[in-house]
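Student: Starting off with a structure, shown below.
The values are calculated or read from the model by the stated rules, or taken from the named source; none is laboratory data. Source: prediction; values computed, not measured. Because the Cβ atoms are built from the backbone with ideal geometry, glycine has one as well, and the counts that use them run over all protein chains shown. For the accessible areas, the whole protein counts, side chains as well, though only heavy atoms, and no ligand, DNA or RNA atoms are used. Shrake-Rupley method; radii C 1.70, N 1.55, O 1.52, S 1.80 Å.
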Amino acid sequence: PVILTIALIGYMESIAVAKNIASREGYKVNANSELLGLGLANIVGAFFQAYPTTGGLSRTAVNYQAGAKTILASLFTVVLIVITVLFFTPVFYYLPMTILASIVMLAVASLFDFKEMKHLWYTDRKDFALLMFTFMVTLFVGIKEGIIAGVLISLLVIIYKIAKPHSTELGRLGDTQVFRNIGRYPKAQVDDRFLLIRFDAPLYFANVEAFEEAIHSRLDQRDTPPELLVLDASSINMIDSTGVLTLQEMMEYLNERDIKFYLVGAIGPLRDKLNRAGLLSEDKEWSHFFDMQDAITYFEKQDCIDEETSFSPRQFYNIK
């Protein structure tokens, strides 16, 4: 457990400072290459009883402040340290630790990005709060603890966002064929016969309850049940077996209440999965459509639509 902790903390500290410098200098950091490099360095160091190797925050800041550009900076540092230890130790023996601390503090201060903090405050205050929490833990507890706290809180935020994805009811904008979030467009027209919903996340085990809640809550808000429920699946880029089962159960639930169910805008991989599950077939009462207007047109005028024409709004797929 101790070794795994050291490895995790070492890598996180190294990649954190590497990305910070990379963003300033305008280049990209390959996280896999960094991990590979650290791993090889520690394997070689193990044969010489070396300390665990990583990219230190304070040492990187000092190097960056001094204008270091390449690996040669570290080689020069090694040479100078060896010379100092062998020949100049008495000269620096009584040097106060505050001098070293001031050098480190001055270097680390250059890593503060106040513009980015201001940008986060205006664009995403959750990320700003996460940044400040990590900063305070690092400042008052330690670098390693700050990194661990930041990683854990980030994971919790990700899990929360996955479990509580965004969904919305759609309405028509004027006389157009454009449908948008009625919360953002209050003048969007809502037809009581239809319930148009967009779910903005993959549909899988972590958020199926949120998917069901999004539909049931909007059905409960209607004084009279709609005749048709249309799910805009353009933002659903993945579905697992739990999601397929939930979708099937939702169809059965709606069918019991004489509410037709149409799917709109599903991408190819999603249609493949539904097809293999037997949910996209011509003997089903529900169908898939390219866009919302096709679905509504088919529902209103399905008796007038010739399925033998070159294009049909109803889409069936037998993709292998």
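Per-residue answers, yes or no, for (1) among the aromatic types (Phe, Trp, Tyr); (2) modelled with pLDDT under 90; (3) surrounded by 20 or more Cβ atoms within 10 Å (Cβ to Cβ):
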| position | (1), (2), (3) |
| --- | --- |
| Leu228 | no, no, yes |
| Ile239 | no, no, yes |
| Leu245 | no, no, no |
| Asp272 | no, yes, no |
| Asn275 | no, yes, no |
| Ala295 | no, yes, yes |
| Glu300 | no, yes, no |
| Asp303 | no, yes, no |
| Phe311 | yes, yes, no |
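Student: Could you say whether any residue in region 98-105 is under 18 Å from Lys19 (Cβ atoms), outside any loop (DSSP other than H, G, I, E, B) and in contact with a Ser or Thr (Cβ under 9 Å, 6 or more places away or on another chain)?
Tutor: no
Student: Then there's this: Going through Lys115, Lys69, Lys144 one at a time, which residue ends up being basic (Lys, Arg) and either in contact with a Pro (Cβ under 6 Å, 6 or more places away or on another chain) or part of a loop (DSSP other than H, G, I, E, B) (or both)?
Tutor: Unique residue meeting the criteria: Lys69.
Student: Here's something else I'd like to know. Report, by residue number, each residue of region 54-110 that is in contact with a helix residue (DSSP H, G or I) (Cβ under 8 Å, 6 or more places away or on another chain), open to solvent by less than 90 Å² (accessible area, probe 1.4 Å) and over 28 Å from Gly146 (Cβ atoms).
Tutor: Thr84
Student: Out of Asp258, Asp240, Asp232, Asp223, which single residue is on the phi > 0 side of the Ramachandran plot and of a type outside the set (Val, Ile, Thr)?
Tutor: Asp258
Student: When both residues are 6+ apart or on different chains and their Cβ atoms are under 6 Å apart, which pairs have a first residue that lies in region 183-199 and is farther than 25 Å from Ile267 by Cβ, and a second that is in a strand (DSSP E or B)?
Tutor: Every condition considered, the pairs that remain are Gln189/Gly171; Gln189/Arg172; Val190/Gly171.
Student: Which of the residues belonging to region 144-175 are open to solvent by less than 60 Å² (accessible area, probe 1.4 Å), in contact (Cβ under 8 Å) with a residue 24 or more places away in the chain and farther than 27 Å from Asp200 by Cβ?
Tutor: Correct list: Ile147 only.
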